[in-house]
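Remarks on the structure that follows.
Laboratory data are not the source of any read-out in this text; all were calculated from the coordinates shown. Note that the structure is a prediction, hence the values are computed from the model and not measured. For neighbour counting, all protein chains shown are included, and Cβ atoms are generated from backbone atoms with ideal geometry for every residue, glycine included.
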Amino acid sequence: MSKKFMDENFLLSSETAIKLFHNHAKDMPIIDYHCHLSPKEIYENKTFNNITEAWLYGDHYKWRVMRANGVEEKYITGDASDYDKFLAWSRTVPKIIGNPLYHWTHLELQRFFGVYDLLNEANAPKIWDEVNRQLQGEGYGARDLIIKSKVTVVCTTDDPVDHLEYHGKISRLSGFDASVVPGFRPDKALEINRPTFKPWVDQLSEVSGMDVENYGQFLEALESRVRFFHDRAGRVSDHALDAVMFEPATLEEATAIFNKALREGAVSESEEKKYKGFTLVFLGKLYSELDWAMQFHIHALRNNNSVMFGRLGPDTGYDAINDGVIAKPLAGLLDALDRENALPKTILYSLNPNDNHVIAGLMGCFQGGGIPGKIQFGTAWWFNDNKDGMLEQMKTLANLGVLSQFVGMLTDSRSFLSYTRHEYFRRILCDLVGSWVEVGEAPDDMELLGDMIENICYNNADHYFNFSKQALVTR
Ligand SMILES: O=C(O)[C@@H](O)[C@H](O)[C@H](O)C(=O)CO
């Protein structure tokens, strides 16, 4: 007798797993410590005219499988009607069994709209009408969906030159109990060989109100933005290290490379490694002083389709997994900070699962300071954000580190309906731990295991990030 599709015990294959999920995971709140939601849309409590707006306007995960299913681009990012785009998605969903989007799509229909029908072309008209009726009613604005999902903290991803005006506006809202805090994403300060570098330096000067004519002034202005974010409840940085580039460098070397980049443009690979090495150590020391968590998202191979990059820009479903050597440069970077007693709390993610043991191994080299889980092996990211990837990441972490100190899941999403990814993760986590009990590899001690589950679902992140959970009134 096959198990009912996505019932209340979805992904739970033992009595222990069922008890752990329903009694310890299901009702825990959520700290979404990395996502790409728009602070403006949160402040404006953006509503959605239809499910295409909520589902398909920005989700490159869905765009990617639609293309693979043969859907023409006009029905993905083009000028087709919202209904026709929804129909195209409805035709795609029955074809993506085995892909997490099949589960996420039905979880979102179940949890936010009480719709338990399968999404397919035949049911599409009925689901379109019912879901849109609800979306156009009360309680489906961006902030409503955050509260409905029991989210206490949303950490967005923001450029250092961002004014964070919407974070300030949100913090002054009455009756909205979630905190929306900025995430410091200084990629444009690091990517010295990209065309964005010099224009960004000019922006930094303008926004900071400081002259930036040399590297020392650049670092001062960058520091002023870190402190600007900190004053507005920022406690997390995020770096996309598509390749881990690190070489030790002196201030004089980094200064000369910075000046060369501004004067001549391109610098050599070795110069780029030295510049990034010095600048990342500078920032890491600041993060450590301010007790921030530093995130490294490693090994994305971005914008591989140059034609579509030209048409649609980044984060549009044309990225892939990079490969390369990360162990030695990453070890060098972490050690450079640790030697100065300035290694901050750090979360290491790699898009390449071949790096899992490298990261989990390195993680163990730099724990300490009395901080539980100071160095984290980050949750399964992007192409790994599926049942197999999550299990692989958690088993590797358990085998090489301390799973009980894991800060758990994040959405990394641009959609306000993605919070069911936390439920998906929690079910997988409970089934993994439950499976150990079923075969006698873990004690059937529901108090011990229940605490472990609740900590991974929420409490660890609460302690680790120490976000302010009061609505913040910023200056
Ligand atoms: O670098 C990023 O943060 C983005 O590429 C992001 O990770 C990606 O677009 C995504 O959302 C993966 O889940």
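Values for this structure:
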read-out: Surrounding net charge for residue 249, when Lys and Arg each add one and Asp and Glu each subtract one, Cβ distance under 11 Å; value: -2
read-out: Residues with amide H under 5 Å from that of residue 295, placed H, sequence gap 5 or more; value: 237, 238, 239, 347
read-out: Low-density loop positions, GluC sites (Glu not before Pro), region 1-69 - DSSP coil, at most 15 other Cβ in 10 Å; value: 8, 44
read-out: Filtered GluC sites (Glu not before Pro), region 109-151: DSSP coil and at most 10 other beta carbons within 10 Å; value: 138
read-out: Region 323-367-region 138-198 distance, computed between alpha-carbon centres (Å); value: 27
read-out: Residues with amide H under 5 Å from that of residue 301, placed H, sequence gap 5 or more; value: 320, 321, 322
read-out: 12 Å beta-carbon shell around residue 464, net charge (K/R +1, D/E -1); value: +1
read-out: Charge tally in the Cβ shell below 10 Å around residue 437, where Lys, Arg are +1 and Asp, Glu are -1, residue 437 excluded; value: -4
read-out: Under-5 Å amide H pairs with residue 179, H placed in peptide plane, nonlocal only; value: 153, 154
read-out: Per-peptide average of other Cβ atoms within 10 Å, ordering 218-231, 329-342, 282-295 highest first; value: 282-295, 218-231, 329-342
read-out: Order by protection proxy (mean Cβ within 10 Å, highest first), peptides 245-253, 435-443; value: 245-253, 435-443
read-out: Stretchable slack from residue 264 to residue 445, in nm (0.36 nm times residue separation minus alpha-carbon distance); value: 58.7 nm
read-out: Pairs beyond 25 Å (Cα-Cα), from 150/188; 4/395; 85/126; 40/74; 169/285; value: 150/188; 4/395; 40/74; 169/285
read-out: For region 459-466, 3J(HN,Hα) per residue [Karplus equation, 6.51 cos²θ - 1.76 cosθ + 1.60, θ = phi - 60°, Hz, x = Gly/Pro]; value: 4, 4, 5, 4, 6, 5, 7, 6
read-out: Per-selection Kirkwood Rh - region 1-143 (Cα, Å, 1 d.p.); value: 16.9
read-out: Region 386-418-region 1-38 distance, computed between alpha-carbon centres (Å); value: 13
read-out: Rg over Rh [alpha-carbon atoms, Kirkwood Rh] for the chain; value: 0.96
read-out: Overall dimensions of region 300-361 as given by Cα atoms, namely Rg and Dmax in Å; value: 15.6, 46
read-out: Karplus-derived 3J(HN,Hα), 6.51/-1.76/1.60, for each residue of region 254-260, Hz, glycine and proline x; value: 4, 5, 5, 5, 4, 5, 5
read-out: Expected 222 nm ellipticity per residue - DSSP helices of 4 or more, -39500 (n - 2.57), all of the chain, to 500; value: -14000 deg cm²/dmol
read-out: Relative packing of 112-119, 209-216, which averages over residues the other C-beta atoms within 10 Å, highest first; value: 112-119, 209-216
read-out: Residue-wise HN-Hα coupling along region 318-326, computed from phi with Karplus coefficients 6.51, -1.76, 1.60 (Hz; x: Gly, Pro); value: 10, 9, 8, 9, 7, 10, x, 9, 10
read-out: FRET E, pair residue 290, residue 147, Förster distance 25 Å, beta-carbon r, rounded to 0.05; value: 0.30
read-out: For the chain: relative contact order, % (alpha-carbon pairs under 8 angstrom, 6 or more apart); value: 23
read-out: Square roots of 5 times each gyration tensor eigenvalue, C-alpha, region 175-277, largest first, Å; value: 27, 16, 12
